[in-house]
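Read through the structure below, which is laid out as structure tokens, and then see the notes.
Each reported figure results from applying straightforward, stated rules to the coordinates on display, with no laboratory input. Since the structure is predicted, the reported quantities are computational estimates derived from the model, not experimental observations. Cβ atoms come from the backbone with ideal geometry, glycine included; neighbour counts cover every protein chain shown.
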């Protein structure tokens, strides 16, 4: 049995389609981040099944309005369990959201219309409903680890309907 042919990509000439993750410059690597901040949400793992559960509780360094780290260069020093994404680990991390550009590129898939590299606008990630903006209910400093089970939500592991569209919807 042969594999189905790959769908043509309208992103074929862009660096994320022409370079392996390991070949990207630091600037190219950083630009893959869409600014959704879903990876900055606290997650729980079921020890028996390995299933990951997202919460609407953010890392203490996340500015939930900007969807950005308050101290990005020093995040690993300040938050011991902050995971720095690398070409090696994005292929194995089971908690990256389905919309994550690092995951998509690692899988050889196109970026969505709302990704800033495609749209040219960093606000389209919010417009598409992908970011955590307006959805964070507290930080890890405000909500005890023992209470995280009470804050499990489904939306970070799902892609909003308007984000799945092929093109930016008309206003």
For the chain, what does the relative contact order come out to in percent, with C-alpha contacts under 8 Å and a separation of six or more?
28
Length gain on complete extension for the stretch residue 76 to residue 94, per 0.36 nm per residue less the alpha carbon to alpha carbon distance?
4.5 nm
Per-selection metrics, the stretch 55-147 (Cα): Rg and Dmax in Å
14.4, 41
Grab the DSSP H runs of the chain that are 4 residues or longer, score each as -39,500 (n - 2.57), total them, divide by all residues and round the 222 nm result to the nearest 500 deg cm²/dmol.
-3000 deg cm²/dmol
Residue list for the stretch 47-74, given a label point 7 angstrom along the Cα-to-Cβ vector of residue 121 and an amide N cut-off under 19 Å
66-67
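Would you please give the FRET efficiency between residue 47 and residue 107, computed as 1/(1 + (r/R0)^6) with r the Cβ-Cβ distance and R0 = 25 Å, to the nearest 0.05? Don't skip to the answer; put the middle values down first.
Details: r = 27 Å, r/R0 = 1.08.
Plugging the Cβ-Cβ distance into 1/(1 + (r/R0)^6) gives 0.40.
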Run through the DSSP bridge list for the chain and note the antiparallel percent, rounded to the nearest 5.
80
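What's the ranking of 77-87, 28-38, 133-143 by average number of surrounding C-beta atoms within 10 Å, highest first? Please list the in-between numbers first.
On the way: 77-87: 12.3, 28-38: 20.3, 133-143: 15.0.
So the order, starting with the most tightly packed, is 28-38, 133-143, 77-87.
So for the chain, what are the equivalent ellipsoid semi-axes in whole Å, largest first, each being the square root of 5 times an eigenvalue of the Cα gyration tensor?
27, 18, 18
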